[in-house]
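Coordinate-derived values only; no laboratory data. The structure presented is a predicted model; accordingly, all values stated were derived computationally and were not measured. With ideal geometry, Cβ positions are generated from the backbone for all residues, glycine too; neighbour counts draw on all protein chains shown.
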């Protein structure tokens, strides 16, 4: 690392709705990692509604045209810089990087097809874009569209935010060896196509049809807004789970609360080109069965391929039959797997440090 201690600003939100948007957790994890790497890092915001508040123990500092150039590097995460501030900052020698922790290629394509009320995009004068490893399929497209280098950055997660929420509310979210499995849950937000509950619903239905077991209660979180949709209603009315009143559709409840109340003994998850997400890691951390289609964690939990509902139902059945029996082995393996993503894992610290140092050396 260079002799000068680089000063870095992370464009941040704050923690009032920490569970509604994983980006805020991304900021916190990256903040911890960069501090450990030895950088002088601050959370910053142009919004007067956010600046002055805290992201846990990190005070969010105001970012203004007048003070922006005290930072050697500004990393956009939750919000982009306004064009006016970005122009001033870059003209004075500042460097801007945008981190894409979402599946922007598919989401933007979906928005172009189905939405016409998007806010105008700010031009932020970035030097590079960094994206999570599970979006590496989109790197060539990003580079052509944005006309700048796009690089892969480590994916990081830690349980400290989850633990704090549980401590404050006195939740016990952990799966206990030998406990009865009475409930299935899906937490997909149903905001866009990359994470929806259609496949989890059909896996639960297929499992019940296949085994004749209609005793489990199925909770579909993030689906309350769909209950007035005629297409969704038609879809649900075909299900035996609906006819037998074993499935319900709820809002976006806090994951630790749902686990604490016993509404998610097994998690059934589905994603489309959005392989890594916090839900699966939270399931892993709490040692509960998780039926998922994430090929990057194929060795964890009960993996099914892509949209294969039948395979998903078989994996759900297998989880019910074997999870308690193999609980100690599964718990130990979970701890080892989670370490890959830790913000204090030296491999992840080095990954971000190399990105920063290479960028600064080029400038």
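Annotations for the structure displayed:
- Cα long-axis angle, helix 160-169 against the chain (0 to 90 degrees, to the nearest 10): 60
- Two-site label geometry, residue 357 and residue 108: point separation in nm, points 7 Å out along Cα→Cβ: 3.1
- On Cα atoms only, tilt of 104-114 relative to the major axis of the chain in degrees: 70
- Mean separation of Cα contacts under 8 Å (6+ apart) over length of the chain, as relative contact order %: 16
- Separation of alpha-carbon centers, segment 131-180 and segment 25-40, rounded to whole Å: 14
- Applying 1/(1 + (r/R0)^6) with R0 = 30 Å to the Cβ-Cβ distance of residue 331 and residue 5 gives a FRET efficiency near 0.15.
- Residue 48 versus residue 152: modelled label distance in nm, points set 7 Å from Cα along the beta carbon direction: 4.4
- Using 0.36 nm per residue and subtracting the Cα-Cα separation, the extra length available between residue 145 and residue 257 on full extension is 36.2 nm.
- In the elastic network of the chain, a GNM with C-alpha springs shorter than 10 Å, the most mobile of 245, 337, 125 is 245.
- Among 63, 164, 338, the residue with the largest mean-square fluctuation in a Gaussian network model of the chain, with springs joining Cα atoms closer than 10 Å, is 164.
- Compactness of segment 160-339 as Cα Rg over 2.2 N^0.38 Å, two decimals: 0.97
- Shape call, the chain: gyration tensor on alpha carbons, a/c limit 1.5: prolate
- On Cα atoms only, tilt of 22-36 relative to the major axis of the chain in degrees: 50
- For residue 340 and residue 211, the FRET efficiency from 1/(1 + (r/R0)^6), where r spans their Cβ atoms and R0 equals 30 Å, is about 0.30.
- Using the average count of surrounding beta-carbon atoms within 10 Å as a protection proxy, the listed peptides 30-40, 346-356, 46-56, 199-209 rank, highest first, as 199-209, 30-40, 346-356, 46-56.
- Segment 148-235: C-alpha gyration tensor shape, a/c 1.5 cut-off, then a/b vs b/c: oblate
- Modelled this way, with points 7 Å down the Cα-to-C-beta line, the labels at residue 299 and residue 35 are 3.2 nm from one another.
- Subtracting the Cα-Cα distance of residue 116 and residue 237 from 0.36 nm times their residue separation leaves 40.4 nm of extension gain.
- Residue of 305, 345, 229 that the Gaussian network model of the chain assigns the largest fluctuation, springs spanning Cα pairs under 10 Å: 229
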